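Q: Sharing a structure, written as structure tokens. Questions coming.
The values are calculated or read from the model by the stated rules, or taken from the named source; none is laboratory data. No experiment lies behind these values; they were computed from the predicted model shown. Using ideal geometry, Cβ is built from the backbone for each residue, glycine included, and neighbour counts are taken over all protein chains shown. To get the accessible areas, we keep the full protein, side chains included, count just its heavy atoms, and leave off ligands, DNA and RNA. Shrake-Rupley method; radii C 1.70, N 1.55, O 1.52, S 1.80 Å.
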Amino acid sequence: MKCMLCKNGETKPGNVTVSLNKDETVVVIKDVPADVCVNCGEYYLSSAVASDILQKAEIAASRGVEVEIIR
């Protein structure tokens with residue numbers, strides 16, 4: 001797929017680190033499967049992966065965690 005951000009690069013399967021902030025909680029999730037632009041590094045998540053990481057972030061926020069790192 002052509003990158004929507006830089007309009008030059010093509011995306012390839014890879015893994016990324018995603019950081020999410022909600023109120024006072026920061027959740028960092030490592031090794032998230034994504035399509036990554038070889039030119040600029042922008043990444044695109046599938047809807048299933050996005051739902052999964054959002055659910056993990058919600059759980060961390062509900063527990064009152066300030067910073068959580070998940071692999």
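Q: Looking at segment 6-56, which of the residues that are among the β-branched types (Val, Ile, Thr) and more than 14 Å from ILE69 (Cα to Cα) is nearest to the chain's Cα centre (by Cα)? First the steps, then the outcome.
A: Within segment 6-56, the first condition is being among the β-branched types (Val, Ile, Thr), and the residues that meet it are 11, 16-18, 25-29, 32, 36, 38, 49, 53.
So of that shortlist, the ones also more than 14 Å from ILE69 (Cα to Cα) come out as 11, 36, 38, 49.
Numbers: THR11: 15, VAL36: 11, VAL38: 17, VAL49: 8 Å.
For segment 6-56, the residue satisfying everything is VAL49.
Q: Mind listing whichever residues of segment 1-32 are polar (S, T, N, Q) and modelled with pLDDT under 95?
A: Taking segment 1-32 and keeping what is polar (S, T, N, Q), we get 8, 11, 15, 17, 19, 21, 25.
ASN8, ASN21, THR25 - these are the residues of segment 1-32 that are polar (S, T, N, Q) and modelled with pLDDT under 95.
Q: Of all the strands (runs of 3 or more DSSP E) wholly in the chain, which have at least 3 residues that are open to solvent by 50 Å² or more (accessible area, probe 1.4 Å) and without any contact (Cβ under 8 Å) to a residue 24 or more places away in the chain? I'd like the intermediate steps shown before the answer.
A: Values: elements: 11-22, 25-37, 67-70.
Where strands (runs of 3 or more DSSP E) fall fully within the chain and carry at least 3 residues being open to solvent by 50 Å² or more (accessible area, probe 1.4 Å) and without any contact (Cβ under 8 Å) to a residue 24 or more places away in the chain, they are 11-22.
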